[in-house]
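K.L.:
Mind having a look at this structure? Questions to follow.
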Amino acid sequence: MPERKMNEETMILPAERRIEVEPVRKSIRVRAGVERTYRVFTEEMDSWWPRTHHIGSSPMKRVVVEAREGGVIYTEQEDGTNCPWGSVVAWQPPHRFVLAWRVRPDWHYEPDLAKCSEVEVRFIPVDDGSTLVELEHRGFERHAGNYAAMRGQVNSVGGWGTMLEMFGKVAEGGA
């Protein structure tokens, strides 16, 4: 049987040939109710997202999350442009939020959803009134290029663990 070639249009290996990469998993317990925690993570993302974390060509002014399935996640840049970097795949307040990570391993916008990884965030109420937030960034192998480096970066200092700490402080009422 002849060997299957990569799809030249998308440069993605057929599903049976892709090597799955271990997802990045992070979690934090936030001393706030599940509704507030969900709202701060999603609709108030601009309150905790670092200004250094963007793929725009000029400094970032703010992050916008269109609060609905199919919504766009983007940054407004100081030069007046908007820079999309995510799409809302699942919007299930106050328990689940999934976004398509529309960022290539070279930190530019990825227009092809088939080449995007995804980030799922679950908000689990705890008996004491706090919320367990579980984040999973998965599907890195869908990206063309050096997706292992991207996985390493989002799993290192300044990546999702650091971002969850920043988010947790805001969600708990601090700055």
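The values are calculated or read from the model by the stated rules, or taken from the named source; none is laboratory data. Remember, it's a predicted structure, so these values are computed and weren't measured experimentally. FYI the Cβ positions are ideal-geometry reconstructions off the backbone, even for glycines, and counts take in every protein chain you see.
K.L.:
Determine, yes or no, whether ALA148 is part of a helix (DSSP H, G or I) and farther than 18 Å from ARG51 by Cα.
P.N.:
yes
K.L.:
Then there's this: If I filter segment 122-134 for residues that are crowded, with 18+ Cβ neighbours inside 10 Å, within 12 Å of the chain's Cα centre (by Cα) and modelled with pLDDT of 95 or more, do I get at least one hit?
P.N.:
no
K.L.:
Let me ask something else. Report, by residue number, each residue of segment 73-82 that is buried (at least 18 other Cβ atoms within 10 Å of the Cβ) and out of contact with any Cys (no Cβ under 9 Å at 6 or more places or on another chain).
P.N.:
ILE73
K.L.:
If the Cβ limit is 7 Å and pairs must be 6+ apart or interchain, which residue in segment 158-175 that is under 13 Å from ASP46 (Cα atoms) and assigned to a helix (DSSP H, G or I) pairs with which residue that is modelled with pLDDT of 95 or more and among the hydroxyl-bearing types (Ser, Thr, Tyr)?
P.N.:
Here the result reads VAL170/SER47; ALA171/THR37, each pair linking segment 158-175 to a residue that is modelled with pLDDT of 95 or more and among the hydroxyl-bearing types (Ser, Thr, Tyr).
K.L.:
While we're looking at this one, here's another question. Could you list, in sequence order, all residues of segment 91-117 that are in a strand (DSSP E or B) and either at pLDDT below 95 or farther than 22 Å from ARG29 by Cα (or both)?
P.N.:
Matches in segment 91-117: ALA100, TRP101, VAL103, TYR109, SER117.
K.L.:
So, one more: Would you point out which residue out of GLY152, GLY139, GLY158, GLY145 is crowded, with 17+ Cβ neighbours inside 10 Å and of a type outside the set (Ser, Thr, Tyr)?
P.N.:
Of the residues listed, the single one that is crowded, with 17+ Cβ neighbours inside 10 Å and of a type outside the set (Ser, Thr, Tyr) is GLY139.
K.L.:
Would you call TRP91 under 15 Å from LEU164 (Cα atoms) and either of a type outside the set (A, V, I, L, M) or surrounded by fewer than 18 Cβ atoms within 10 Å (Cβ to Cβ) (or both)?
P.N.:
Here the answer is no, as TRP91 does not meet what is asked.
K.L.:
Sticking with this structure for a sec: Got a sec? Which of ILE28, ILE12, ILE19 is surrounded by 15 or more Cβ atoms within 10 Å (Cβ to Cβ) and at pLDDT below 95?
P.N.:
ILE12
K.L.:
Restricting to segment 116-175, name every residue that is of a type in the set (Val, Ile, Thr) and more than 15 Å from ARG102 (Cβ to Cβ).
P.N.:
VAL121, ILE124, VAL126, THR131, VAL133, VAL157, THR162, VAL170
K.L.:
Can you report the number of residues in segment 18-57 which are in a helix (DSSP H, G or I), out of contact with any helix residue (DSSP H, G or I) (no Cβ under 7 Å at 6 or more places or on another chain) and of a type outside the set (Phe, Trp, Tyr)?
P.N.:
Within segment 18-57, residues that are in a helix (DSSP H, G or I), out of contact with any helix residue (DSSP H, G or I) (no Cβ under 7 Å at 6 or more places or on another chain) and of a type outside the set (Phe, Trp, Tyr) number 5.
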